[in-house]
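Quick notes on the structure that follows.
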Amino acid sequence: MSRTLKALSALLTYPTAELVQATGEISEALDKDRRIPASVRDHLHKLLNELAGNDLYDLQERYVLLFDRTRSLSLHLFEHVHGESRDRGQAMIDLKSQYEAAGLFMDVSELPDFLPLFLEYVATRPGAEAAESLGQPAHIFAAIAERLRKRRSTYEAVFRALGALAAAKPTDEEVSALLQLPDPDADDLAALDAAWEDEPVNFGPGAGDNCKDSIIARVRGGMRPAPDMPQRQRQ
C-alpha cells in the first residue's frame, strides 16, 4: 500500500512540471493496486491524463480554486473537524508528535493536518495500520468526494481511492453532517469570504486582518509531494 499512498499523495499536491513528468510512474503504481476498484482507477487515469496533457497554469489555477479558495474542499483535515476551535491546536500538536515518533519530521512551513503530508506518514506504516489510519478521516474523504462529484472534478477519484483503501467505512450520518456545512462555489467571492470569516481568529498580539492569508501563503510554499516523487519547485 505504501507506493499507492505515495502516488495519491503526489496527486493532491500543487501541480508542477515535476509532477507532470511523474504521471507515468504514478499511473504504474496505481495500476498495480487491485484494492482500488477498476472504475476508480479509470477515473484516476482521467486525472492523470489531464495533468499530462493540459496547460500547467490552467492546472494550477484549477487546484487553487478547488483546494485553496474553497473551505469545504480544504486539504487540511482538521478544518473539517475542528474549524478554528482551540481543539484544533492540540490536535495539530498531537499529530506532529505522532509523525516525529515515526521518524517523519516536518518543514517549519508545513501544517501536520495537510492531507498529502498525512498520507506520507500513513505510507510508512504497516498495511493493516495504514488502512486503520485511513479509516479515521474516511467520512472527510467521502464528503469531499461528493462535493467534487457535484463539480464534475476528476480529483474525486483520489478521495474515492482513499475511501476504498480505508479499513473503516463512514456512516451515512457522519458524511451527511459534513455535507450540511456551507459549500460555496469558488467563483462566488462573497460566499467564500463568509465561509472563511464566520469563525474569526487572531494569532498573537496585533494580528491583522490578513493573518489567515499569510498562513495560507506559508502553507502554499511548504507543500511537497510524497517521498520518492519529484520535488516541486518553491514559488
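Taken together, the values in this text are just the output of simple stated rules run on the coordinates, not laboratory data. Every value quoted in this text rests on a predicted model; they were computed, and no experiment measured them. All Cβ positions, glycine included, derive from the backbone under ideal geometry; neighbour counts span all protein chains shown.
Values for this structure:
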item: Protection proxy ranking, peptides 128-139, 150-161, average beta carbon neighbours within 10 Å, highest first; result: 150-161, 128-139
item: Inter-probe distance in nm under a simple model that places probes 7 Å from Cα toward Cβ, at Asp58 and Ser97; result: 4.8 nm
item: Derived scalar couplings ³J(HN,Hα) [the stretch 107-122; Karplus, 6.51 cos²θ - 1.76 cosθ + 1.60; whole Hz; x for Gly, Pro]; result: 6, 4, 8, 9, 10, x, 8, 5, 4, x, 5, 4, 5, 4, 5, 4
item: Relative packing of 69-77, 94-102, 106-114, which averages over residues the other C-beta atoms within 10 Å, highest first; result: 69-77, 106-114, 94-102
item: Only Lys, Arg (+1) and Asp, Glu (-1) charged, at Cβ; the stretch 64-134 dipole about Cα centre in debye; result: 160 debye
item: Distance from the stretch 55-124 to the stretch 152-182 (C-alpha centre basis), Å; result: 17 Å
item: Rough spin-label spacing in nm, given labels placed 7 Å along Cα→Cβ, for Ala17 and Thr171; result: 5.1 nm
item: All lysines inside 24 Å of Lys150 as judged from Cα atoms, apart from same-chain residues fewer than 8 positions distant; result: Lys46, Lys169
